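Heads up, the thing below is written out as structure tokens.
The values are calculated or read from the model by the stated rules, or taken from the named source; none is laboratory data. What you are looking at is a predicted structure, and each value in this text was computed from that prediction instead of being measured. Here Cβ is always computed from backbone atoms with ideal geometry, including for glycine, and neighbour counts include all displayed protein chains. Note: areas computed on protein heavy atoms with side chains; ligands, DNA, RNA excluded. Shrake-Rupley method; radii C 1.70, N 1.55, O 1.52, S 1.80 Å.
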Amino acid sequence: SQQGEEDPQALSIQEGENATMNCSYKTSINNLQWYRQNSGRGLVHLILIRSNEREKHSGRLRVTLDTSKKSSSLLITASRAADTASYFCATPPNRDDKIIFGKGTRLHILP
Amino acid sequence: DTGVSQNPRHKITKRGQNVTFRCDPISEHNRLYWYRQTLGQGPEFLTYFQNEAQLEKSRLLSDRFSAERPKGSFSTLEIQRTEQGDSAMYLCASRQTGDGYTFGSGTRLTVV
């Protein structure tokens with residue numbers, strides 16, 4: 001079953017602009033993770049935010065978590081061509097160990 | 001290279017044949033996961049191991065699928081009597097408890 005759902009499904013922006021992707025989930029969580037996947041490749045772990053955290057930064061990435069709304073957002077600032085990829089949120093539902101992925105947001109950075 | 005390694009990168013097989021994929025996790029990681037991903041979808045959980053013990057199997061993992069991690073190190077995923085619907089990217093990941101997942105580059109299976 002699908003735990004996380006990303007929004008929008010696809011996003012195209014100009015290089016240099018900021019990109020925001022959202023994730024909603026269904027059950028209580030211990031943490032939420034964001035991953036990037038370049039076309040035809042494996043996934044790269046970007047950031048993990050725990051349920052007791054509200055915001056986390058890593059380089060040009062900023063992740064927020066609102067457990068009351070069961071939602072998270074990923075902001076990529078000053079986008080670059082290399083940021084073109086699919087972005088997935090993933091959560092371990094119900095204190096389970098495995099993580100469940102959404103369908104992802106396909107981000108395309110226009111030159 | 002200390003990442004997760006998957007072999008082969010690509011596999012083309014005829015329908016009805018058996019295939020086996022291998023995953024070598026990061027050596028100090030005790031947990032190993034298999035996922036399957038089809039085009040335009042997110043990865044779907046198949047199974048995971050803690051050391052050599054297989055702790056959970058998805059209902060997606062039919063009787064034709066079997067996974068092992070005999071010594072708690074590398075793992076194999078075997079698909080018997082492959083079907084065209086098995087065509088997908090098979091992803092392996094490992095982690096230490098409490099950390100994020102490290103994924104391999106995947107094995108792309110095409111059943112013709």
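Numbers at a glance
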| quantity | calculated |
| --- | --- |
| Any hit, the range A:35-44, residues being away from chain B (no Cβ under 14 Å) and either part of a loop (DSSP other than H, G, I, E, B) or modelled with pLDDT of 95 or more (or both) | no |
| Strands (runs of 3 or more DSSP E) wholly inside chain B that include at least 2 residues being more than 25 Å from A:Arg50 (Cα to Cα) and hydroxyl-bearing (Ser, Thr, Tyr) | B:75-79, B:107-111 |
| Answer from A:Ser79, A:Ser86 - the residue that is within 11 Å of chain B (Cβ to nearest Cβ) and either small (Gly, Ala, Ser) or assigned to a helix (DSSP H, G or I) (or both) | A:Ser86 |
| Tabulated pairs, the range B:58-74, first of a type in the set (S, T, N, Q), second open to solvent by less than 40 Å² (accessible area, probe 1.4 Å), C-beta under 7 angstrom, 6+ apart or interchain | B:Ser58/B:Phe45; B:Ser58/B:Leu46; B:Ser58/B:Thr47 |
| Tally, over the range A:11-33, of residues that are more than 10 Å from A:Cys89 (Cα to Cα), of a type in the set (A, V, I, L, M) and either touching a Pro at 6+ places or on another chain (Cβ under 9 Å) or modelled with pLDDT under 95 (or both) | 1 |
| Per-region count, the range B:1-50, residues in contact with a Gly (Cβ under 6 Å, 6 or more places away or on another chain) and either aromatic (Phe, Trp, Tyr) or more than 13 Å from every other protein chain (Cβ to nearest Cβ) (or both) | 0 |
| Condition broken by B:Val112, with the remaining ones in (1) more than 14 Å from chain A (Cβ to nearest Cβ); (2) touching a Pro at 6+ places or on another chain (Cβ under 9 Å); (3) of a type in the set (Val, Ile, Thr) satisfied | (2) |
| Within the range A:57-76, considering residues that are not in a loop (DSSP other than H, G, I, E, B) and not hydrophobic (A, V, I, L, M, F, W, C), the one surrounded by the most Cβ atoms within 10 Å (Cβ to Cβ) | A:Ser72 |
| Filter result for the condition that a residue is of a type in the set (A, V, I, L, M), under 15 Å from A:Phe101 (Cα atoms) and surrounded by 15 or more Cβ atoms within 10 Å (Cβ to Cβ), over B:Leu91, B:Leu77 | B:Leu91 |
